[in-house]
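Read-outs throughout are calculated quantities, based only on the coordinates presented, and are distinct from any laboratory measurement. Model, not experiment: these values are computed from the prediction. Counting neighbours? That spans all protein chains shown, and the Cβs are built from the backbone with ideal geometry, glycine included.
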Amino acid sequence: MGMVHTEITLINAGDITACERGILKEPEIRKTTVQAVVDTGAMTLVINEELRSQLGLEVRKVREATLANNTKELCKITEPVEIHWKNRETALRALVVPGGGEVLLGALALEDLDLIVDPTRQVLTGAHGDEILVMI
């Protein structure tokens, strides 16, 4: 199976809250749309430092992470970022990989968005069609 890419919009979740509280105006919410690699082997959303800075995401902690090549790196973990894919959304903390390139959309986001990879068509699709299944 080849690599699957998808378009997602990332939004600073703190900015959304600040807007709801009247501290920011809607045009001031920091967001961007990117092409992400759908990576079922990654646990969470993985971004690079440039994207973290562009979105204004604060660093909450630094942790050692094992990368795909089995090396260990100290990586920043951000405050929550909203992830939007078509009509679905979720919020997760992002892992910032030093020198990272592509955005990775990992298993936690896929699960919460109720998405799966269709290996035949090599696309991201709803696990339950267009209906979003919310697990409680």
Which value in deg cm²/dmol, rounded to the nearest 500, describes the helix-derived mean residue ellipticity at 222 nm for the chain, given -39,500 (n - 2.57) per DSSP H run of n ≥ 4 and division by the residue count? -4000 deg cm²/dmol
Whole Å is fine, so just give me how far the alpha carbon centre of segment 1-31 lies from that of segment 106-127. 21
Cβ-defined net charge surrounding THR66, 10 Å radius [Lys, Arg +1; Asp, Glu -1]: -1
In whole Hz, what ³J(HN,Hα) sequence does segment 88-94 give by Karplus (6.51, -1.76, 1.60; θ = phi - 60°), x for Gly and Pro? 10, 8, 8, 10, 9, 6, 9
Within straight cross-link reach of LYS72, meaning Cα distance under 15 Å, which aspartates and glutamates are found once same-chain residues fewer than 8 apart are removed? GLU64
Under 26 Å from the Cα of LYS76 - lysines, other chains or at least 8 residues apart: LYS31, LYS61
Run the reach check for LYS86 against aspartates and glutamates, Cα to Cα strictly under 16 Å, same-chain hits fewer than 8 apart removed. What comes back? GLU7, GLU111, ASP112, ASP114, ASP130, GLU131
Isotropic mean projected area of the C-alpha convex hull, the chain (nm²): 9.2
DSSP beta bridge pairing in segment 5-130, given as percent antiparallel to the nearest 5: 80
